[in-house]
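Right, one structure below, let's go through it.
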Ligand code: C2E
Ligand code: MG
Ligand code: MG
């Protein structure tokens, strides 16, 4: 089982029903056993007691018979006849020698223990009405046969034979034959009669019926509780799978039922895709209107999608305006067209608002495991597929438009790289795997070295040098960038100090400080303390901020920049022209250096119109008393143009690519008589 929801679902389904069934079966078995055993014991006790009294009489008769033999007095034998009881006298071979009445003994016989008797007594079952019989050393009533006989029309008279006039009680006689051993004289076998009146039988029958009825009621109660639990469980399952906002299906339902369906149906012929569809405007809509109104829109969207589904396709509201959809498809293009159509219909749901939707798509039939092998049908894991669909959707960014993105292997590799980077970052810092590269900045008029920018590289084990674009954005997201900025400042300050101590012709080196770091209120102090610890003069360190770092809190920004300047560090605005708030920032912040973005010198921007913009930007910077650096210059003509327009420095491949410390050291040339700090 792949997901927790499935496990929980199974738990709900199992619990109550099984309890009730087990309860019912156990109780039935136990009650059947108790009733049977109780009746057996109760009946046996009554029979034993009554037959024991009969035994005494028959025993007395046997003694009388023995006396008649001993005294050879036939008159004594006649006294036996007066007892009014059937009896037989057998010889040692069992042949009847004398008798009174008819011998109705049956074939079944056995020894039983009667109350008050030490030795077991031999008893014969009556062949005609033998409802009492010896079994396991006791006398027992054969209930089924007895009740059958009682309810039949057979022997009506016998059932009601003796009417005891004064008590008006009709007795029922159930016979059993008791044999008393006379040694050499054979045996005296007397007919013992268990007499019970009809009222006793009725009472006993009523008792048995009441007992059975009581048990029936208890069993019915258990059964009813089971049915009630079953109904309750059905309701629980339905709640477990219902989305409270749309009243449709929820995430859990999609995971459980979707996985089951896909395991059965997904194949090369039946291809399925999982889509994570986000109603992007949901939270904004809720803010502008109300959450209730937002939820109404979600209901409409859910119904709309549901109405467009075919057989075996599914939709569920995952929460907060996100929907999970399972669609069948033939090929990527037709799926894209169908999804585009679906999004189009959803966008048209409310003409008064501009709704947009973003979809991340995962092809279930193309899922692979960690090793890149195709996933077997029984291993389909919608949790992971759903996560990948979200990753695909997020890759569309946060623009204000609808879009569709398919999850592919590149995304998996990207995610694996992010994991790898985050896992190694701390070790890499401790092992000094990060390397400082220097890219020189040259004066375009004299082609002399005027400065440099420190750019990080990662000497990743087995992979070699990795450029910052592959890890800086990850560090910016996870906050590790502040460590990196500190690392770079310390290393650059240390390099500068060494070169100064060696009497090299040092130039200011700029270090990039990320926006995430710049919002720390004591950043200026942190930088000052780090540089002072190494003992590098502040004018040799410059701080670069990308344009996007000029966030809204201008006051805090102004505070940090002013402090940095006060401590003697130059501050530059990196990538000027690539963002959107640059002119405003220029107005408010006392920056020293303006770095024109490389895009000004690329492709279509580099034409006549581009030159006008660059020339005006340089003029603007100059008027604000700033030094101008042009980044990413690769063409000689551009160098000449920039020189003519008064650009102070050029940092581009035309002069030099970023290089290791040793190579940069060579570029510094011989010590110069004048300090290399550029003039303002
Ligand atoms: P950036 O600060 O704007 O750095 C300039 C980038 O432009 C560098 O890329 C440099 O190699 C490249 N470049 C310079 N001249 C040319 C040229 O003529 N042609 C071309 N094609 N490219 C040129 P790099 O080193 O890959 O750095 C990329 C970005 O990574 C940097 O942009 C900066 O934002 C960030 N970065 C690099 N090192 C650090 C660091 O130590 N800390 C922080 N926070 N960010 C860093
Ligand atoms: Mg920079
Ligand atoms: Mg730049």
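Some points to look at:
- Distance (nanometres) between label positions extended 7 Å along Cα→Cβ at residue 431 and residue 602: 3.3
- Looking at the chain alone, DSSP beta bridges between its own residues are antiparallel in about 75 percent of cases.
- Taking every DSSP helix (H) stretch of at least 4 residues in the chain, weighting each as -39,500 (n - 2.57) and dividing the sum by the residue count yields a mean residue ellipticity at 222 nm of -15500 deg cm²/dmol.
- Rounded to 10°, Cα long-axis angle of helix 332-347 versus longest principal axis of the chain: 90
- Shape of the chain, Cα gyration tensor, a/c cut at 1.5: prolate
- Under the simplified labelling scheme, the residue 379-residue 81 pair shows an inter-label distance of 10.1 nm, with each label point 7 Å from Cα along Cα→Cβ.
- Relative to the current alpha-carbon distance between residue 235 and residue 206, full extension at 0.36 nm per residue lengthens the span by 6.2 nm.
- Tilt relative to the chain, helix 523-534 - C-alpha long axis, 0 to 90 degrees, to 10: 70
- Between the C-alpha center of the range 488-560 and that of the range 440-471 there is a gap of 16 Å.
- Derived value for the range 251-407: Kirkwood hydrodynamic radius 15.9 Å. Basis is the mean of 1/r over every pair of different alpha-carbon atoms.
- Sites residue 73 and residue 46, calculated FRET efficiency, Cβ-Cβ separation with R0 25 Å, nearest 0.05: 0.05
- Label zone at residue 136, where the point sits 7 Å out along the Cα-to-Cβ direction: the range 87-120 residues whose backbone N lies under 17 Å: 110-114
- Additional length obtainable on full extension of the chain from residue 502 to residue 354, 0.36 nm per residue less Cα span: 46.7 nm
- Value of relative contact order over the range 251-407, rounded to a whole percent, pairs C-alpha under 8 Å and six or more apart: 32
- Spacing of the two label points (7 Å from each Cα toward its C-beta) at residue 330 and residue 13, in nm: 3.5
- With contacts taken as Cα pairs under 8 Å at a separation of at least 6 residues, the chain carries a relative contact order of 8 percent.
- Using the Cβ-Cβ distance between residue 554 and residue 615 with R0 = 30 Å, the FRET efficiency computed as 1/(1 + (r/R0)^6) comes to roughly 0.60.
- Rounded tilt (10° steps) of 291-307 against the dominant C-alpha axis of the chain: 70
- Note on residue 424/residue 588: beta-carbon distance plugged into 1/(1 + (r/R0)^6) with R0 of 41 Å gives a FRET efficiency of 0.55.
Every number in this text was worked out from the coordinates using simple rules, so none of it is lab data. Because the structure is a prediction, the values reported are computed rather than measured. Note that each Cβ is placed from the backbone with ideal geometry, even for glycine, and that neighbours are counted across all protein chains shown.
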